[in-house]
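Report on the structure given below.
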Amino acid sequence: MQNNDPHAPGQAAEGPDDGVNADLEALTARLGALETELSQARETVLRERAEIENQRRRLQRDLDQARRFANEKLLGELLPVYDGIALGLANENADAKTLREGLELTLKQLEKVTQANGLTVVDPLHQPFNPDHHQAISAVESNEHAPNTVVAVVQKGFVLNDRLLRPALVAVVRDN
């Protein structure tokens, strides 16, 4: 007769321990796979973080270079103006007429350079007063001009690419 008692000595029984061991082995294998995946993810994050830091440094270096040499084109265009002024000052034998002609040519060169770089002159003589571009420094009486009309420009103003750089200093006809 056969003993069916699972607790009987000498008889190996498949019990809950075998199932637990199998589950433990499966979980251990899954844990190993997840640890490998986590390690790879960490390496990827570190590489990407390093790449972002390198890009940030490159962009900062490029920005610094751009700031340092932003005026290079403008200054290169101003060199002939500089040369013209230096040449005029070096000519000790020139009379007033020759010096004036040289100054006029130099001023034209300067105006050409400034216009090419977005600088426009605000010269509002005989125009209506515009507080956005003009600064009134005096008010005068006039029967020839309408009130709030600019009748004298003490100092011209300048606009750089649609932004006021310096307002024109003007005299305006007073309201009667």
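Computing the accessible area with a 1.4 Å probe over protein heavy atoms, can you report the carbon and sulfur percentage for region 23-174? Show your work: numbers first, answer last.
On the way: 6730 of 12130 Å².
Carbon and sulfur: 55 percent of the exposed surface of region 23-174.
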### Query
R0 = 41 Å: FRET efficiency of Arg58 with Glu25, Cβ-based, nearest 0.05?
0.25
### Query
Across all directions of projection, what mean area in square nanometres is found for the Cα convex hull of region 91-176?
7.5 nm²
### Query
Taking a probe of 1.4 Å, how large is the accessible area per residue of region 126-170, in Å²?
70 Å²
### Percent RCO, i.e. relative contact order, over region 16-169, from Cα pairs under 8 Å lying at least 6 residues apart
17 percent
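Of His134, His126, His145, which has the most accessible area and how do the rest follow, probe 1.4 Å?
Descending accessible area places them as His126, His145, His134.
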### Message
With a 10 Å cut-off between alpha carbons and a GNM built on the chain, which of Leu107, Leu46, Leu99 moves the most?
### Response
Leu46
### Candidates Leu38, Leu87, Leu119, ranked by Gaussian network fluctuation over the chain, Cα under 10 Å, top entry
Leu38
### Query
In µm²/s, what is D for region 26-72 at 4 °C and 1.567 mPa s, where D = kT/(6 pi eta Rh) by Stokes-Einstein and Rh is the Kirkwood radius from Cα pairs?
95 µm²/s
### Message
Could you tell me how many cubic angstrom of Cα convex hull volume region 22-125 has per residue?
### Response
131 Å³
### Query
Which of these values of log10 I(q)/I(0) by the Debye sum over Cα atoms at q = 0.10, 0.15, 0.17, 0.19 Å⁻¹ was calculated from the structure shown: [x] -0.40, -0.83, -1.03, -1.25; [y] -0.45, -0.92, -1.13, -1.34; [z] -0.76, -1.06, -1.13, -1.20?
[z]
#### Entry: Residue with peak Gaussian network fluctuation, the chain [Cα springs, cutoff 10 Å], from Gly32, Gly118, Gly76
Gly32
### Message
Can you return the lysines within cross-link range of Lys112? Criterion is Cα-Cα under 22 Å, with same-chain partners fewer than 8 residues away left out.
### Response
Lys73, Lys156
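Trypsin sites (Lys or Arg not before Pro) within region 106-176: which are DSSP loop residues with at most 15 other Cβ atoms inside 10 Å?
The qualifying sites are Lys156, Arg174.
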### Query
Helices from the chain with mean Kyte-Doolittle at least 0.0 and a Cα length along the axis of 15 Å or more, per DSSP H: which?
72-90
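The values are calculated or read from the model by the stated rules, or taken from the named source; none is laboratory data. Since this is a predicted model, take the numbers as computed values, not measurements. Please note: Cβ atoms are built from the backbone with ideal geometry, for glycine as well, and neighbour counts cover all protein chains shown. Note: areas computed on protein heavy atoms with side chains; ligands, DNA, RNA excluded. Shrake-Rupley method; radii C 1.70, N 1.55, O 1.52, S 1.80 Å.
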